[in-house]
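Worksheet: one structure, shown below.
The values are calculated or read from the model by the stated rules, or taken from the named source; none is laboratory data. Model, not experiment: these values are computed from the prediction. Here the Cβ is made from the backbone with ideal geometry for all residues, glycine too, and neighbour counts use every protein chain on show. All accessible areas refer to the heavy atoms of the entire protein, side chains included, with ligands and DNA or RNA removed. Shrake-Rupley method; radii C 1.70, N 1.55, O 1.52, S 1.80 Å.
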Amino acid sequence: MAVVSGDYVDFVVRYGGNTERCRITEAALLNRERADKEHLNHGQLIAIFVKHRAEIEYLAIAKMQREEHSDQGFVLTTDDLNP
């Protein structure tokens, strides 16, 4: 399940037998989709997330393995999604 929360989409990933909370920035999703925020609603943002979910979860797990987390947990940004 994914939920829009401010400028992020929050989601969970199973890793190491645990459920880890993660988030991806709205900017990263819009950049990945080459979309404009101007006419975008929460449902459309979730649809973009779902479309790229496999890649996003893969990148989130890779970030977990490198133990790259911030005070907000595991956050994927434009740099992660569009290296």
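This table checks each residue for (1) of a type in the set (A, V, I, L, M); (2) in contact with a Phe, Trp or Tyr (Cβ under 9 Å, 6 or more places away or on another chain).
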site: Phe11; (1), (2): no, yes
site: Gly17; (1), (2): no, no
site: Thr25; (1), (2): no, yes
site: Ile46; (1), (2): yes, no
site: Tyr58; (1), (2): no, no
site: Ala62; (1), (2): yes, no
site: Asn82; (1), (2): no, no
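Do we have Val50 as in contact with a strand residue (DSSP E or B) (Cβ under 9 Å, 6 or more places away or on another chain), outside any helix (DSSP H, G or I) and of a type in the set (A, V, I, L, M) here? Write out each step before concluding.
Working: in contact with a strand residue (DSSP E or B) (Cβ under 9 Å, 6 or more places away or on another chain): yes; outside any helix (DSSP H, G or I): no; of a type in the set (A, V, I, L, M): yes.
Answer is no for this residue.
Every condition in (1) surrounded by 14 or more Cβ atoms within 10 Å (Cβ to Cβ); (2) under 14 Å from the mean Cα position of the chain (by Cα) holds for Tyr15 except the one numbered (2). Among the numbered conditions (1) free of Cβ contacts under 8 Å to residues at least 40 places away in the same chain; (2) within 21 Å of Met1 (Cβ to Cβ), tell me where Ala35 comes up short. Unmet condition: (2). Under the condition of being surrounded by 12 or more Cβ atoms within 10 Å (Cβ to Cβ), closer than 18 Å to Gly6 by Cα and free of Cβ contacts under 8 Å to residues at least 40 places away in the same chain, the residues counted in the stretch 45-83 number 2. Restricting attention to the stretch 21-44, the residues that are modelled with pLDDT of 90 or more, open to solvent by less than 60 Å² (accessible area, probe 1.4 Å) and not small (Gly, Ala, Ser) add up to 7.
So is Arg23 in a helix (DSSP H, G or I), of a type in the set (Lys, Arg) and touching a residue at least 12 places away in the same chain (Cβ under 8 Å) or not?
Values: in a helix (DSSP H, G or I): no; of a type in the set (Lys, Arg): yes; touching a residue at least 12 places away in the same chain (Cβ under 8 Å): yes.
No, not satisfied.
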